[in-house]
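The values are calculated or read from the model by the stated rules, or taken from the named source; none is laboratory data. This structure is a prediction, so every number in the text was calculated from the model and none was measured. When we count neighbours, we look across all protein chains shown, and the Cβ atoms used for this are built from the backbone with ideal geometry, even at glycine. Remember, those area values only see protein heavy atoms, side chains included, never the ligands or the DNA or RNA. Shrake-Rupley method; radii C 1.70, N 1.55, O 1.52, S 1.80 Å.
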Amino acid sequence: MGVSWVYIEDIPKIQEGEVEIRGWLFNKRSSGKIVFLIIRDGTGYIQGIATLEYFSQEELNNFEKIPIESSLIVVGDLRKEPRAPGGYELQLKKVNVISYAEEYPIQKKDHSIEFLLERRHLWIRSRKQNAILRVRSEVIKAIRDFLDSRGFTLVDAPILTPSACEGTTTLFGLDYFDLGKAYLSQSGQLYMEAACMALGKVYCFGPAFRAEKSKTRRHLTEFWMVEPEMAFWDWQDNMKLQEELVFYIVQRVLEKRKKELEILERDIKPLEKIVPPFPRITYREAIEILKKNGFNVEYGDDFGGDEETVISNQFDKPVFIHHYPAKIKPFYMQPDPGNPEEVLNNDLLAPEGYGEIIGGSQRIHDLKLLEQKIEEYNLPREAFEWYIDLRRYGSVPHSGFGLGIERTVAWICGLKHVREAIPFPRMIYRIYP
RNA sequence: UCCUCGGUAGCUCAACGGUAGAGCGGCCGGCUGUUAACCGGCGGGUUGCAGGUUCGAAUCCUGCCCGAGGAGCCA
């Protein structure tokens, strides 16, 4: 009878007995007559210990020479062991090297970010990067569970689109057979507006592409976004959904990914404070806060990274900023009926200086007003005919928002830069690997 | 696109006008409880590229290439 293959994360359930582990050599140490092999299998780490009890001196000498990241299958007896990292240890009885690795380039010591990004395909094997990818997976699952459980339907938006949502200078263009130019989608929003008129409450989840020459810790040229859109919801209903979603995401990660947050050395106290309701301030109030803090800003200016940090530092929860001046926002946002110079929109700034993670608004539902805005913004009307059409056949007030996955993950994980919040980041000066 | 900083051994850095060096990794040896193990030893270089200044350039100057941090814009 064979020994059963187990994953390291299941070891606390198994506790003891003979098991097989399949993985990679993470690290090793040796004292001549005792060899420690730290094995990782993608779900965790366990220390294997090889002694003269089961192996010859020659075999031990060979184990000492197995290069880091060699793949192996081992068999041994599990036992609790306080001296071992993780609390469990494997008394090795068989060690079968599947593939001897060449000298592994990533060491346990410091590397430059350039060196690591160039080897992102290997870097994701490391402990912290591994933890980040697990948190990302949990964040995405939380979002989908939350929306699915509230009656939302997932509607996939197209990636190849005929036109810009908000201007063409920041679009990646490509040749589309005989039909001219096509562009990589910047947002699925306009399609979700169509979909919510079909299905009521919808969302899309997918990549968005921005050809902005942005080079900051908050920017990628390819990032992932969830975009809910709800028919008959106004801008305040919209904000309520946003705060409940963000609360749910944070709770879920705190509950299911505590171990990963520990690996990342994330202080979870600020995350535990993320409980609705979140503060809501107007754009006007935000300007006042900035002026009080010595910023030279005027009504009508947009906020940069520093401004966002100062505003969010006033609160220990995410903060909504609503009612921006219409002229610094896209064409589709619904003006406030009481003050058409401002729109029924909101951004949501994450705490601790992480900045904008959500942008949302109530959308224009009036046919004439939308036509007028498209003209004002100098947009090619032909490309938007289908979108205008939505206002011809049973138009209703509706709202939606977009939440950026990488910024959310970076915030929850406490990362300095969003590039580590995505498996293979795409940035202005990097498309490899 | 603009501003700032950087490029020296496989990696992280030092040398700042006068013989290119250390730690880590690698290789060899030692050690029965290690935790980025430790101890001893050994190899390892077209100083990003092209010019220039100088008796002499990794070091100073010019141009280019590559990258990092940031700005504008945005999630």
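Remarks
- Between A:P207, A:P380, A:P423, the residue with the greatest mean-square fluctuation in the GNM of chain A (Cα pairs under 10 Å linked by springs) is A:P380.
- Taking A:R119, A:R284 and ordering them by how much accessible surface each has at a 1.4 Å probe, largest first, produces A:R284, A:R119.
- When only the Cβ of Lys, Arg, Asp and Glu is charged (+1, +1, -1, -1), the dipole of chain A relative to its Cα centre reaches about 1200 debye.
- Separation of the stretch A:396-424 from the stretch A:301-361 is 16 Å, based on Cα centroids.
- For A:H323, solvent-accessible area (1.4 Å; no DNA, RNA or ligand), Å²: 20
- Order of exposure, largest accessible area first, which applies to A:S149, A:S399, A:S56 with probe 1.4 Å: A:S149, A:S56, A:S399
- Sum of -39500 (n - 2.57) over DSSP H runs of 4+, divided by residues of chain A (222 nm, nearest 500): -8500 deg cm²/dmol
- Helix axis angle, A:235-256 relative to chain A longest principal axis, alpha carbon, degrees: 0
- Extension gain, A:F232 to A:K181: 0.36 nm times the residue separation minus the Cα-Cα distance gives 14.9 nm.
- In order through the stretch A:141-151: 3J(HN,Hα) via Karplus (6.51 cos²θ - 1.76 cosθ + 1.60), integer Hz, x for Gly, Pro: 5, 4, 4, 5, 4, 4, 5, 4, 6, 9, x
- Gain in span if fully extended, A:D77 to A:N339, counting 0.36 nm per residue against the direct Cα distance: 87.1 nm
- Extension gain, A:F315 to A:E376, is 18.3 nm, computed as 0.36 nm per intervening residue step minus the present C-alpha separation.
- Cβ-defined net charge surrounding A:L78, 13 Å radius [Lys, Arg +1; Asp, Glu -1]: -3
- Amide hydrogen neighbours beyond the local backbone of A:R217, cut-off 5 Å, H modeled: none
- Amide H contacts of A:E81 (H built 1.01 Å from N, under 5 Å, at least 5 apart or other chain): A:Y88, A:E89
- Cut-off 20 Å, label 7 Å out along Cα→Cβ of A:S214, residues of the stretch A:378-403 by amide N: A:400-403
- Solvent-accessible surface (1.4 angstrom probe) belonging to A:H111, in square angstrom, nearest 10: 50
- The calculated P(r) of chain A, using every Cα pair and 10 Å bins from 0, goes 4, 18, 25, 21, 14, 10, 6, 2, 0 in percent.
- Derived scalar couplings ³J(HN,Hα) [the stretch A:92-97; Karplus, 6.51 cos²θ - 1.76 cosθ + 1.60; whole Hz; x for Gly, Pro]: 6, 10, 9, 10, 10, 7
- Net charge of Cβ neighbours under 14 Å - reference A:G394; Lys, Arg +1; Asp, Glu -1: -1
- Accessible surface for A:R144 stands near 90 Å², nearest 10, in the context of the full protein assembly shown (1.4 Å probe).
- Sorting A:V155, A:V226 on solvent-accessible area from highest to lowest, probe radius 1.4 Å, gives A:V155, A:V226.
- Once the C-beta distance of A:L52 and A:D110 is scaled by a Förster radius of 35 Å, the resulting FRET efficiency is 0.45 to the nearest 0.05.
- Label-zone membership for the stretch A:404-433, site A:E118, 7 angstrom Cα→C-beta point, backbone N under 13 Å: A:432-433
- Descending semi-axes in whole angstrom, ellipsoid equivalent of the stretch A:8-99, from the Cα gyration tensor: 19, 14, 11
- Element breakdown for chain A at a 1.4 angstrom probe: carbon and sulfur atoms account for 51% of the accessible area.
- Between the stretch A:10-45 and the stretch A:176-244, the alpha-carbon centres lie 44 Å apart.
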